Amino acid sequence: MRLIAFYLPQYHPIPENDAWWGKGFTEWTNVSKARPLFRGHYQPHLPGDLGFYDLRLEETREHQAELAREYGIYGFCYYYYWFDGRKLLERPLNDVLRLNRPDFPFCICWANEPWTRNWDGKHLEILMPQSHTPDSDEAFIQDVMPLFEDPRYIRIDGRPLLLVYRTGLLPNIGRTADVWREAAFRRGLDLYLCRVESFSTADPADIHFDAACEFPPNFVGVNPEAEQKADLCEGCEPPFKGNIYDYEKLVRLLAQRPDPGYKRFLGATPSWDNTARAGTRGSVFINSSPDQFRRMLTVALRKTAERFRGDERIVFINAWNEWAEGCHLEPDRRYLHGFLEACKQALAQANGEFGAHAAGAAEMWESYLPYGVL
């Protein structure tokens, strides 16, 4: 079993963010100014062991890898920001390659959508455009080829694993996949392509991909809790205009989600709350906890053991360090190492190390059956 956590590199200043959001902007800028917006709302999410780190520091990246390894995380999936030849937030991964440290597995997910001022509610104002052309298809795969050749790069049966965040934005994704495979073949590589189900579902074979992966809480069918919102937000000033969801229902929904009939890696998420970015327009999952996350992850691992073999026994976690989306395995000041400990416990159950608890895990699985799909 391999747990791969999505990894955000936006924890160091860059000139573009200085211009768009203010001098010295990093993800911590939004995280530190978050405030509770309704009764019982857990904000701000403040970092524990690692502090308000800077990813330009080698010591920070080493500490992250040590912490992840200690609790059973197999590797990181770095978001890769490439815009028709221009890269943003590339320094942390560049330094990982240049220094050959940390000695920790990694892969990339091409975050191939344009950057907008969506955090300000101005989603039509484009900060960094993204274009997809036949020329950019070839340029992109040549740019990332050195990553695939790194011995730490995550592979499935020897094939470098490349994720794409929004395949629907590429006008002819099947052709793009063919171009990438041909370019890799010339370098002696056979790519394993995976589409992220961030905004849509589709059979990956139809676009010449090998697999898809869940990306909870995105696009899994969970519904807002209108009554709970009305109760929690009554009399709040300013009024909360976003959506409130129930994390416990998300756990049950994912447990009951059927096999789609194509190859889809399962996903899990410790929590979600993007009000640090979106303010009163944000989305919040209430009732999340390390114990509920352990339940979610245990089921994902159990299903994975049933459906997959060998190197394809992978579960993706959203995310290692999405602090401004309230979505992080990294320790915070409320739960400390709780979400990491949940990973360790879920893996131990899945690997049969908790023999005495196997019946309990089965009982937990059965407890979800009456709920059905929400």
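The values are calculated or read from the model by the stated rules, or taken from the named source; none is laboratory data. On a predicted model such as this, the values are computed, not experimentally measured, just so you know. Cβ placement follows ideal geometry from the backbone for every residue including glycine, while neighbour counts extend to all protein chains displayed. Protein only, heavy atoms only, side chains kept; ligands, DNA and RNA dropped before computing areas. Shrake-Rupley method; radii C 1.70, N 1.55, O 1.52, S 1.80 Å.
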Among the residues listed as 305, 255, 300, the single one being of a type outside the set (S, T, N, Q) and in contact with a Leu (Cβ under 7 Å, 6 or more places away or on another chain): 300
Neighbours by Cβ (under 8 Å, 6+ apart or cross-chain): first from the stretch 124-139, within 13 Å of residue 112 (Cβ to Cβ) and free of Cβ contacts under 8 Å to residues at least 40 places away in the same chain; second open to solvent by less than 40 Å² (accessible area, probe 1.4 Å) and in a strand (DSSP E or B): none
Residues being over 19 Å from residue 339 (Cβ atoms) and in contact with a strand residue (DSSP E or B) (Cβ under 9 Å, 6 or more places away or on another chain) - total across the stretch 250-274: 6
Among (1) at pLDDT below 95; (2) assigned to a loop (DSSP other than H, G, I, E, B) - the single one residue 50 does not satisfy: (1)
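To keep it simple, each residue is scored yes or no on (1) touching an Asp or Glu at 6+ places or on another chain (Cβ under 9 Å); (2) of a type in the set (Gly, Ala, Ser); (3) at pLDDT 95 or above.
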{"site": "219", "(1), (2), (3)": "yes, no, no"}
{"site": "238", "(1), (2), (3)": "no, no, no"}
{"site": "246", "(1), (2), (3)": "yes, no, yes"}
{"site": "255", "(1), (2), (3)": "no, yes, yes"}
{"site": "270", "(1), (2), (3)": "no, no, yes"}
{"site": "274", "(1), (2), (3)": "yes, no, yes"}
{"site": "294", "(1), (2), (3)": "yes, no, yes"}
Unique match (being within 27 Å of residue 305 (Cβ to Cβ) and touching a residue at least 60 places away in the same chain (Cβ under 8 Å)) among 232, 266, 253: 253
Residue match in the stretch 315-322 (condition: surrounded by fewer than 18 Cβ atoms within 10 Å (Cβ to Cβ), of a type outside the set (Val, Ile, Thr), modelled with pLDDT of 95 or more and under 17 Å from the mean Cα position of the chain (by Cα)): no
Test set (1) more than 18 Å from the chain's Cα centre (by Cα); (2) open to solvent by 30 Å² or more (accessible area, probe 1.4 Å); (3) touching a residue at least 12 places away in the same chain (Cβ under 8 Å) - residue 74 fails condition number: (1)
Meets criteria (aromatic (Phe, Trp, Tyr), modelled with pLDDT of 95 or more and part of a strand (DSSP E or B)) for residue 262: no
Conditions (1) within 21 Å of residue 282 (Cα to Cα); (2) surrounded by 15 or more Cβ atoms within 10 Å (Cβ to Cβ): number failed by residue 33: (2)
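Listed here are the residues, each with its yes/no results for (1) surrounded by fewer than 19 Cβ atoms within 10 Å (Cβ to Cβ); (2) within 18 Å of the chain's Cα centre (by Cα); (3) under 24 Å from residue 24 (Cβ atoms).
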| position | (1), (2), (3) |
| --- | --- |
| 42 | yes, no, no |
| 52 | yes, no, yes |
| 58 | yes, no, yes |
| 65 | no, yes, no |
| 79 | no, yes, yes |
| 96 | no, no, yes |
Hey, residue 235 more than 30 Å from residue 144 (Cβ to Cβ), open to solvent by 20 Å² or more (accessible area, probe 1.4 Å) and not acidic (Asp, Glu) or not: yes
Residue check, residue 30 part of a helix (DSSP H, G or I), polar (S, T, N, Q) and within 30 Å of residue 240 (Cα to Cα): yes
Search result, residues across the stretch 199-212 that are surrounded by 14 or more Cβ atoms within 10 Å (Cβ to Cβ) and within 17 Å of residue 177 (Cα to Cα): 202, 203, 204, 207, 208, 209, 210, 211, 212
Test: residue in the stretch 91-98 that is touching a residue at least 60 places away in the same chain (Cβ under 8 Å) and within 30 Å of residue 245 (Cβ to Cβ): no
